[in-house]
Amino acid sequence: MLLTLPDILNATEVAEARAALATAPWADGRPGAGRQAVQVKNNEQLPLDCAVSRQLGAQVLAALQQHPLVLSAALPRRIFPPRFNRYRGTTNHYGNHVDGAVRLLPGSGQPLRTDLSCTLFLSDPASYDGGELVMQEPGGEQRIKLPAGHLVLYPGTTVHQVTPVTRGERLACFFWIESLVRGSDQRRLLYEMDMALMALRQRDGESPEAVALTGCYHNLLRLWAET
Ligand code: NI
């Protein structure tokens, strides 16, 4: 399931993030990429341990934790520390690849399964050309270019690329989520059920049926969650 979620960061937060990123210590994005990905990767990334990365990463994580739709859609067990990338000039694209299935958490070295790949757009889409996130979906290509502050979540299994930026620069934050619910079909069912329950409560208020269905939701989650 591909899901776009608006306004993870507001306009002020995005402006502050861009200002901080303008003077950040950008580096070649290739170190750390897998064997296939490194051949098609040509962008810049912020080192994980730099001050800007740590500060903005913490801000993004806090915003995610407060976003009910993100929590409902992803059911996060663990989130990889958010990273930041930049596409412009001669380092301007990232060809087709699948993100590595398992990444080691910085510090602890514990493996994290990348159930969901996430991109938080930070540049105004009118300020750059190209830079679309293109996914190979069973039904065809899906091209994503979102307003600044908006997030896309997509299955880690998806072949995807970022097309060359031919004008301006594209700043983004990216990270992976290991979900409590490994299977994307199960995750999708739970998300749809949660959304329907929310709409039901908004329309009719509390009811014995809403309580019973909420029980079903939690019992399915109990059945499928790996903690
Ligand atoms: Ni990727």
### Task
Kindly indicate the residue of region 84-105 that is under 18 Å from the mean Cα position of the chain (by Cα) and without any contact (Cβ under 8 Å) to a residue 60 or more places away in the chain and also nearest to the ligand (Cβ to nearest atom) among those meeting that condition.
101
### Task
State whether the residues of region 45-65 include one that is closer than 24 Å to residue 221 by Cβ, touching a helix residue (DSSP H, G or I) at 6+ places or on another chain (Cβ under 9 Å) and open to solvent by 10 Å² or more (accessible area, probe 1.4 Å).
yes
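Has region 150-158 got at least one residue that is assigned to a loop (DSSP other than H, G, I, E, B), on the phi > 0 side of the Ramachandran plot and open to solvent by 20 Å² or more (accessible area, probe 1.4 Å)?
Step one: list which residues in region 150-158 are assigned to a loop (DSSP other than H, G, I, E, B), which gives 150, 156-158.
Filter once more, keeping what is on the phi > 0 side of the Ramachandran plot: none.
Scanning region 150-158 turns up no residue that is assigned to a loop (DSSP other than H, G, I, E, B), on the phi > 0 side of the Ramachandran plot and open to solvent by 20 Å² or more (accessible area, probe 1.4 Å).
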## Note on the structure
Reported set for region 159-189 where residues are open to solvent by 10 Å² or more (accessible area, probe 1.4 Å), outside any strand (DSSP E or B) and under 19 Å from residue 96 (Cα atoms) is 163, 164, 166
### Query
How about region 118-131: which of its residues are surrounded by fewer than 19 Cβ atoms within 10 Å (Cβ to Cβ) and in a loop (DSSP other than H, G, I, E, B)?
124, 130
### Task
Tell me, yes or no, whether region 108-119 has at least one residue that is within 15 Å of the ligand (Cβ to nearest atom), in contact with a Cys (Cβ under 9 Å, 6 or more places away or on another chain) and under 27 Å from residue 136 (Cβ atoms).
yes
### Message
Considering only region 37-47, I want to know if a residue exists there that is more than 12 Å from the ligand (Cβ to nearest atom) and either part of a strand (DSSP E or B) or within 14 Å of the chain's Cα centre (by Cα) (or both).
### Response
yes
### Query
Can you name the condition, by its number, that residue 74 falls short on among (1) over 24 Å from residue 4 (Cβ atoms); (2) more than 16 Å from the ligand (Cβ to nearest atom)?
(1)
### Subset of region 190-227 (residues that are open to solvent by 30 Å² or more (accessible area, probe 1.4 Å) and either closer than 30 Å to residue 148 by Cα or among the β-branched types (Val, Ile, Thr) (or both))
192, 193, 194, 195, 196, 198, 199, 202, 211, 214, 227
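Identify, please: which residue in region 136-149 is over 15 Å from residue 94 (Cβ atoms) and assigned to a strand (DSSP E or B) and is, among those, least open to solvent (accessible area, probe 1.4 Å)?
Ranking the candidates gives 140 first.
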### Task
Can you run down the residue pairs with Cβ atoms below 6 Å, 6 or more apart or on separate chains, where the first is in region 148-165 and farther than 19 Å from residue 124 by Cα and free of Cβ contacts under 8 Å to residues at least 60 places away in the same chain and the partner is within 12 Å of the ligand (Cβ to nearest atom) and not in a strand (DSSP E or B)?
156/99; 156/114
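The values are calculated or read from the model by the stated rules, or taken from the named source; none is laboratory data. Here the structure is a predicted model, which means the values were calculated and not measured. Because the Cβ atoms are built from the backbone with ideal geometry, glycine has one as well, and the counts that use them run over all protein chains shown. Accessible surface areas use protein heavy atoms only, side chains included; no ligands, DNA or RNA. Shrake-Rupley method; radii C 1.70, N 1.55, O 1.52, S 1.80 Å.
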